[in-house]
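Below is one structure, written out as structure tokens, with a few remarks after it.
What follows draws every value from the coordinates through simple rules; no lab data is involved. If you're wondering where the values come from, they're calculated on a predicted model, not measured in any experiment. When we count neighbours, we look across all protein chains shown, and the Cβ atoms used for this are built from the backbone with ideal geometry, even at glycine.
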Amino acid sequence: MLPFRDRVIPKIVSELVALGFVLFIIPAIYIFELAVVLPAVYDGKKEFDTFWLYFHSACGTFVMFNVVGNLIGVILVDTSAKHIIVDTSKADASNGWHLCSVCETISPPRSWHCSQCNTCILKREHHCGFTGCCVGYNNFRFFYLFLANLFFATIYATYFNHYYIWSQVIAFEWSHIIRIVMPLTILFFGIDTSMTQLYFFYYSITMIGCCFSGVLLYQQSYLAFFNQTSWERNKGTNEHDCGVMHNIRDALGHRWYLIWLCPFLQSPLPHEGIQWMTRKQISLEGEKNK
Ligand SMILES: [Zn+2]
Ligand SMILES: [Zn+2]
């Protein structure tokens with residue numbers, strides 16, 4: 001059972017605003033797709049329209065469930081090192097154990113102190129400005145699946161929005177393109193309170209979300225496949241790369257192939273996040289077993 005965080009509301013105002021925006025925009029776009037876009041695209045004029053309307057509504061709901069469920073997982077699961085009971089006889093500096101001067105304790109290998117979370121984080125990846133918490137060993141699977149589902153959801157939504165939005169525009173104007181690419185030009189063109197403007201806003205946000213989640217998904221896939229953190233990648237070290245299957249289990253747990261279906265399915269991690277195998281150890285063990 002993964003430990004839960006004591007405090008989930010971000011302390012920093014910018015993070016609180018970012019989290020509020022994420023919690024508003026995800027359900028808003030979901031409702032827009034199901035209540036406005038899909039009924040307009042599948043309006044019953046063609047054969048099988050009703051089937052496709054229900055089919056895409058069900059698929060959209062499934063993806064939405066995974067986006068929100070994994071987002072909740074990132075926020076709720078505690079990935080700090082404070083639950084770890086340190087066995088001082090094994091806490092050797094040569095294995096990567098180090099003293100954290102802020103926590104005034106010995107920290108496990110690959111864990112680093114986060115000044116925003118004010119604690120040491122197991123296999124610290126980064127502090128996420130949208131959720132107000134760190135991504136580390138215990139909650140990485142939720143973060144990764146959140147990105148993967150968000151990427152798919154935004155592609156899916158953009159595909160339908162494209163048909164719907166342009167069917168709503170009676171006469172093409174260059175200002176439409178500008179409003180899609182830069183939603184803040186509303187300040188220049190003046191506030192347009194029409195529903196079309198709101199739809200343009202959703203259209204822009206899904207495309208921005210698609211690019212943003214796509215880049216992050218690529219980056220995090222690379223790190224998961226090679227068992228690296230961003231910090232280790234910048235330093236050029238990948239001593240924990242023990243083969244793709246080993247690395248995937250370290251990142252997503254033993255049931256990595258099932259967690260794509262439901263964020264609440266358990267996928268136990270192979271260890272506590274304090275004792276990390278190196279490629280050298282794996283090859284030495286392999287030689288011993290020959
Ligand atoms: Zn610390
Ligand atoms: Zn943090």
Scanning segment 262-290 residue by residue, the ones that are farther than 22 Å from Val135 by Cβ and part of a loop (DSSP other than H, G, I, E, B) total 3
Specify which of the listed residues (Ser80, Ser94, Ser101) is away from ligand 1 (no atom under 13 Å from the Cβ) and of a type in the set (Gly, Ala, Ser).
Ser94
Considering (1) in a loop (DSSP other than H, G, I, E, B); (2) within 30 Å of Tyr30 (Cα to Cα); (3) out of contact with any Asp or Glu (no Cβ under 9 Å at 6 or more places or on another chain), say which one Phe130 fails and leave the rest.
(3)
Looking only at segment 232-252, which residues are part of a helix (DSSP H, G or I) and exposed (fewer than 14 other Cβ atoms within 10 Å of the Cβ)?
Asn234, Lys235, Val244, Met245
For segment 127-155, what are the residues that are within 22 Å of Ile12 (Cα to Cα), in contact with a strand residue (DSSP E or B) (Cβ under 9 Å, 6 or more places away or on another chain) and either of a type in the set (Ser, Thr, Tyr) or away from ligand 1 (no atom under 16 Å from the Cβ) (or both)?
Cys128, Val135, Asn139, Phe143
Looking at Gly132, Gly136, can you tell me which residue is buried (at least 24 other Cβ atoms within 10 Å of the Cβ) and within 12 Å of ligand 2 (Cβ to nearest atom)?
Gly136
Among the candidates Val102, Val37, which residue alone is touching a His at 6+ places or on another chain (Cβ under 6 Å) and either over 23 Å from Leu252 (Cα atoms) or within 16 Å of ligand 2 (Cβ to nearest atom) (or both)?
Val102
Condition first: within 16 Å of ligand 2 (Cβ to nearest atom), buried (at least 22 other Cβ atoms within 10 Å of the Cβ), among the β-branched types (Val, Ile, Thr) and in contact (Cβ under 8 Å) with a residue 12 or more places away in the chain. Can you find one or more residues in segment 79-95 that meet it?
yes
Any hit, segment 57-77, residues being farther than 30 Å from Leu16 by Cβ, more than 16 Å from ligand 1 (Cβ to nearest atom) and in contact (Cβ under 8 Å) with a residue 40 or more places away in the chain
yes
Can you name every residue in segment 50-80 that is farther than 20 Å from Ser267 by Cα and hydrophobic (A, V, I, L, M, F, W, C)?
Phe51, Trp52, Leu53, Phe55, Ala58, Cys59, Met64
